[in-house]
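Remarks on the structure that follows.
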Amino acid sequence: MNRKGFATIELMIALLVIGLITAGSALAVNAARSRQRDAVRLSNIRQIQAGLELHFNETSSYPPGSAIPLGDALSTGCLNTTGFAASCPTDGKTLLRVVPGTVQKGLDGISSCGTPKRDAFCYLQVQDGSTYRIQFELENALPEVGLQAGINCGSPDGLNGGQCR
């Protein structure tokens, strides 16, 4: 017998292999996007920390506030020597012209603050301005730097896994 073409079983196997490759590729792309969003969040946290250190150097205190959602254009759009503000005046010393906010996509909403509550980097001045805490959320654990999936905390001492104390 001299048949040309594919048998049904061969065609089904070929389609199954193509489907598995497609599914694996989609999972890899989604994982890469999730890690990229976390990298942006960490970059934003470090940028905010640098601005907070500039504020401390200028005023010998961290900005006042409790449960402030950072990156909110209505209240914390910038940081100057008087603290967080919606916009920085041109006559004051601006330390951070744009306070970056968190990337909303992919978060579980366990780090939220403000009115109304929303996913955010939540800032808290502690000990009369001698230190601060920024609570933030990540999608993935980063064990090499001690951060976990979910809640993490930033302070003048660095970034730590777990809730702020």
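Some points to look at:
- Packing-based ranking of 139-149, 62-72 yields 62-72, 139-149, ordered from highest to lowest mean Cβ neighbour count within 10 Å.
- About its Cα centre, the dipole of region 26-107 is roughly 460 debye, where the only charges are +1 on Lys and Arg Cβ and -1 on Asp and Glu Cβ.
- Size of region 65-135 as Cα extents on the principal axes (Å, biggest first): 40, 27, 17
- The magnitude of the dipole of the chain, with charges of +1 and -1 set on the Cβ of Lys/Arg and Asp/Glu and taken from the Cα centre, is near 620 debye.
- A cut-off of 5 Å between modelled amide H atoms, ignoring neighbours fewer than 5 places along the same chain, links residue 102 with 121.
- With eigenvalues of the C-alpha gyration tensor scaled by 5 and rooted, the chain, Å: 48, 16, 13
- Whole-Å semi-axes of region 92-165's equivalent ellipsoid (Cα gyration tensor): 21, 17, 13
- Choice from 120, 23, 85 with maximal GNM fluctuation in the chain (Cα, 10 Å cutoff): 23
- Helix-only [θ]222 nm of the chain, DSSP H runs n ≥ 4, -39500 (n - 2.57) each, per residue, nearest 500: -12000 deg cm²/dmol
- Dipole of region 102-165, positive direction: furthest Cα of 112, 148, 163, with charges on the beta-carbon: 112
Only the coordinates and a few stated rules stand behind these numbers; no lab work does. Note that the structure is a prediction, hence the values are computed from the model and not measured. Please note: Cβ atoms are built from the backbone with ideal geometry, for glycine as well, and neighbour counts cover all protein chains shown.
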